[in-house]
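The values are calculated or read from the model by the stated rules, or taken from the named source; none is laboratory data. Bear in mind that the values here come from a model prediction, so they are computed numbers and not experimental data. Here the Cβ positions follow ideal geometry from the backbone for every residue, glycine too, while neighbour counts run over all protein chains shown. For the accessible areas, the whole protein counts, side chains as well, though only heavy atoms, and no ligand, DNA or RNA atoms are used. Shrake-Rupley method; radii C 1.70, N 1.55, O 1.52, S 1.80 Å.
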Amino acid sequence: MGANPSYITLYHTGELQRRITALGRLLGPCTLCPRDCRVNRRRGELGLCQAGDQLRVAAAFPHFGEEPPLSGQGGSGAIFISWCNLLCQFCQSWEVNHRGEGVAVSARELAGIMLDLQSQDCHNINFVTPTHYAPQLMAALPWAIEQGFRLPLVYNCGGYESLEVIQLLDGIVDIYLPD
């Protein structure tokens, strides 16, 4: 494995925690995406995306269907997130993105999933449809880092992002993959 991802430095300086806290504030009123629905997800309200406060994960596995530089020999450690801020009518993952199929996952549990994918020799962690859960996803990083997590992060999004969130993710996310 090469040099450490830049989020490691942010972790050691305390900047990572500051950014996670700032992302968390965007949950109520919710301004995580340009839909700007302003519901208070911290109080149990659901956004237009139908996402609440609790992260939901539909699946996690080494994925070999991404672009070859991401998949490589060991696969991209894909973590498919439930719900979506785009709500496209032609969605290829309708059950996950429109019906919210998946299970609730805590930050510690997500850190365990990330570490498991790293132990399977995945080349990166690929958060698929992450926008509406950016705070919860990033909250898993400190737990994972403390257990030896060092993979690059892929933000596999729809490209419908808020500038504030992208600025907060700068230096945390290594690769943006808008589909």
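Inspect region 36-50 for any residue being open to solvent by less than 10 Å² (accessible area, probe 1.4 Å), under 22 Å from Leu163 (Cα atoms), assigned to a loop (DSSP other than H, G, I, E, B) and modelled with pLDDT under 95 and give the result as yes or no.
Taking region 36-50 and keeping what is open to solvent by less than 10 Å² (accessible area, probe 1.4 Å), we get 41, 47.
Keeping just the survivors that are under 22 Å from Leu163 (Cα atoms) gives 41, 47.
Now drop any that are not assigned to a loop (DSSP other than H, G, I, E, B), which leaves 47.
Filter again for modelled with pLDDT under 95, leaving 47.
Yes: one or more hits.
Quickly run through region 142-179 and pick out the residues that are free of Cβ contacts under 8 Å to residues at least 24 places away in the same chain and open to solvent by 60 Å² or more (accessible area, probe 1.4 Å).
Glu146, Leu163, Gln167, Asp170, Tyr176, Pro178, Asp179
Looking only at region 148-159, how many residues end up being out of contact with any strand residue (DSSP E or B) (no Cβ under 9 Å at 6 or more places or on another chain) and closer than 16 Å to Val105 by Cβ?
Within region 148-159, the first condition is being out of contact with any strand residue (DSSP E or B) (no Cβ under 9 Å at 6 or more places or on another chain), and the residues that meet it are 148, 150, 158.
After this cut, where a residue has to be closer than 16 Å to Val105 by Cβ as well, the list is none.
Result for region 148-159: 0.
Looking at (1) in a helix (DSSP H, G or I); (2) of a type outside the set (S, T, N, Q); (3) closer than 15 Å to Asn156 by Cα; (4) open to solvent by 40 Å² or more (accessible area, probe 1.4 Å), which one does Leu70 not meet, given that it meets all the others?
(4)
Taking interchain pairs and intrachain pairs at least six residues apart, which have beta carbon atoms under 8 angstrom, with the first residue in region 115-141 and in contact (Cβ under 8 Å) with a residue 60 or more places away in the chain and of a type in the set (Ser, Thr, Tyr) and the second open to solvent by 10 Å² or more (accessible area, probe 1.4 Å) and not in a loop (DSSP other than H, G, I, E, B)?
Qualifying pairs under 8 Å: Tyr133/Arg56.
Does region 54-75 hold any residues that are within 14 Å of the chain's Cα centre (by Cα) and either more than 20 Å from Leu27 (Cα to Cα) or not polar (S, T, N, Q) (or both), and which are they?
Initially, region 54-75 is screened for residues within 14 Å of the chain's Cα centre (by Cα), giving 54-60.
Leu55, Arg56, Val57, Ala58, Ala59, Ala60 - these are the residues of region 54-75 that are within 14 Å of the chain's Cα centre (by Cα) and either more than 20 Å from Leu27 (Cα to Cα) or not polar (S, T, N, Q) (or both).
In region 92-102, which residues are farther than 15 Å from Pro130 by Cα and of a type outside the set (D, E, K, R)?
Gln92, Trp94
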